[in-house]
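The values are calculated or read from the model by the stated rules, or taken from the named source; none is laboratory data. Since the structure is predicted, the reported quantities are computational estimates derived from the model, not experimental observations. Here the Cβ is made from the backbone with ideal geometry for all residues, glycine too, and neighbour counts use every protein chain on show.
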Amino acid sequence: MKSLARSRSATAPPGVVGTARVARRAGALLPRLRPGDVAVLDHLDLDRDTAQAFLDAGVAAVLNAAPMLSGRYPSQGAVLLAEAGVLLVEDAGAAVLTDLRDGGVVRLHEGAVHAGGDADAPAVATGHVVDAETLRARMEQARSGLGAQLDSLTRNAAEFLRQEEDLLLHGRGLPRLAVRLAGRSVLVVVQGHQHAEELHGARVWLREQAPVVIAVGRAGDDLRERRQRVDVLVVDAADEAAMPAAQTLKDAREVVLRVERGRPAPVDPLMRMGISPLVVTTAATAEDVALLLADAGDAALVVGVGMTATLTDFLDRQRSGLPSTFLTRLKLGPRLVDATAVPRLYSGRVRPHHLLLVMLAGLVALGAALGVTPAGQEWFDQLRALFEGTVG
C-alpha cells in the first residue's frame, strides 16, 4: 500500500513522516484520521476491526504505546496492518501520548519517534518496529494461551450474568418496540470486518424476505447509503465515535439509546432533532442490545452481519464486551445465523420465468420423444405438409 507520507523527495530524512493523530482510545482517534496520518494510541492487543478502520482511513503508520500483540491470545489486527504495508511501531511508552502534539508532524525511523519531520527533530521515545513475519510467529505462540483466556471468560460471564440476570434471562429493562418482530426474520447489522461483503452476499434474501432491519451505530450510515430502510437503530451513548449521522437517526423508524448503568441518559441532543429515543440501561454492548431486542420480540430468525463468527474472532474484540457477547449468543441459540451462511442456505424464490423455462424444456423433450416414434413421424409429416401448403 502506498501512503502519502512515503512520497518524499530524495533529500528528505529517512523514515515515515506524517501528521500525528493522538488519542488513548481508538474510538476517539478514528473520526479524525486522514490518508497519510500516523495513528498514535495506547491499545494492547490491536483487534482486527480497529486495524481495518485504520486501513480504510489510509494511515501511513501506527505508533502504539503498548505491545501490538502481547501473547495473551492471537489478536489479528497487527498482522492485518503489517501485511498491507503499514509501518508498525509498538511498546513506545506512554510518553508518545503526551510528548507528541495532536496534529503536529512526527517522523518514525528504525523505532525512534521524532517530534517533527526534519533530520534534527528530537527523539521523544523509542519503540520496536514489527513486521508481519514476527507477528505471525507471536500469534502461533499465543494460541497456547487460549485455554486460560476461555477460563477467564467463563468466570467473567458468570459475574456478568449475576449483574444482568433480569435483562439477559427475562428481558426486563428492554423497551417495547412499535415495530412488530414476532414470527418475522430480523437482520442485525454491525459495522464489523467484511460486513459490506456479507451484506452483498445476503442481498437476494434481504430483497425477497424483507426482514426487519436493526442497525447498530454507524452501520446505519452504511445502510442509508445503500438506500436500505432501517427499522430500529441502536446507538451507544458512551461511544461518540460510533454515533451515526443526524439524517440516519431521523430516517430510522425507532431509535434505541444504550446507556451505562449509573450514568444519565443524554436524550436532549436527540430530542432537539425531533427524535424520542427508547432508553436501555445496561452494561451489555450496543450490539448485544440489538440481539436481545430481536429475542425479546420473539423473532423467528436473526441474521447477523459484521458479527463475531469464530473463536479467534470472538476473543479478538474489545475485552470488556466479551461476557455480554458470550451470554447473548447463548440466549439466542439456534435462531442466530451468521450472514456468511445465508448465500449457502438460500438461493431465492421460484419466479414465473423459472417456471416458463421449465415448461419450455419439457415441451422440447416431449417433441424429441415423439419424433422417434412412427406416430410422431406421421404427425410431423402432416404438420410439414400443412405448413408448406399454407406458405404456398
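Tabulated data
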| item | result |
| --- | --- |
| Test: residue in region 50-58 that is of a type in the set (A, V, I, L, M), touching a residue at least 24 places away in the same chain (Cβ under 8 Å) and in a loop (DSSP other than H, G, I, E, B) | no |
| Candidate set from region 20-49 (those that are assigned to a loop (DSSP other than H, G, I, E, B), surrounded by 20 or more Cβ atoms within 10 Å (Cβ to Cβ) and of a type in the set (D, E, K, R)); member that is farthest from the chain's Cα centre (by Cα) | Asp37 |
| Residue pairs meeting the criteria (Cβ under 7 Å; at least 6 apart or on separate chains; first in contact (Cβ under 8 Å) with a residue 40 or more places away in the chain, in region 22-42; second part of a loop (DSSP other than H, G, I, E, B) and among the acidic types (Asp, Glu)) | Val22/Asp102; Arg24/Asp42; Gly27/Asp239 |
| Residue in region 186-207 that is farther than 14 Å from Ala339 by Cα and either touching a residue at least 60 places away in the same chain (Cβ under 8 Å) or within 15 Å of the chain's Cα centre (by Cα) (or both) present | no |
| Residue match in region 238-249 (condition: acidic (Asp, Glu), within 19 Å of the chain's Cα centre (by Cα) and modelled with pLDDT under 90) | yes |
| Test: residue in region 153-163 that is of a type in the set (Ser, Thr, Tyr), under 20 Å from Ala284 (Cβ atoms) and in a helix (DSSP H, G or I) | yes |
| All positions within region 62-76 that are aliphatic (A, V, I, L, M) and part of a strand (DSSP E or B) | Val62, Leu63 |
| Residue, surrounded by the most Cβ atoms within 10 Å (Cβ to Cβ), within region 261-312, restricted to residues that are on the phi > 0 side of the Ramachandran plot and touching a Leu at 6+ places or on another chain (Cβ under 9 Å) | Gly306 |
| Residues that are crowded, with 23+ Cβ neighbours inside 10 Å and part of a loop (DSSP other than H, G, I, E, B), drawn from region 77-111 | Ala92, Leu100 |
| Region 63-85, residues that are over 20 Å from the mean Cα position of the chain (by Cα) and under 14 Å from His43 (Cβ atoms) | Leu63, Asn64, Ala65, Ala66, Pro67, Met68, Leu69, Ser70, Arg72 |
| Filtered residues of region 28-58 (kept if out of contact with any Lys or Arg (no Cβ under 9 Å at 6 or more places or on another chain) and of a type outside the set (A, V, I, L, M, F, W, C)) | Pro31, Pro35, Thr50, Gln52, Asp56 |
| Conditions (1) under 16 Å from Ala23 (Cα atoms); (2) in contact with a Leu (Cβ under 8 Å, 6 or more places away or on another chain): number failed by Asp37 | (2) |
| Any hit, region 189-198, residues being at positive phi and either modelled with pLDDT of 90 or more or aromatic (Phe, Trp, Tyr) (or both) | no |
| Residue match in region 317-335 (condition: at pLDDT below 90 and part of a loop (DSSP other than H, G, I, E, B)) | yes |
| Conditions (1) surrounded by fewer than 16 Cβ atoms within 10 Å (Cβ to Cβ); (2) within 15 Å of the chain's Cα centre (by Cα): number failed by Asp221 | (1) |
| Region 112-127: number of residues that are assigned to a strand (DSSP E or B) and within 15 Å of Ala60 (Cα to Cα) | 1 |
| Complete set of residues in region 229-250 that are farther than 23 Å from Leu30 by Cβ and surrounded by fewer than 19 Cβ atoms within 10 Å (Cβ to Cβ) | Arg229, Lys250 |
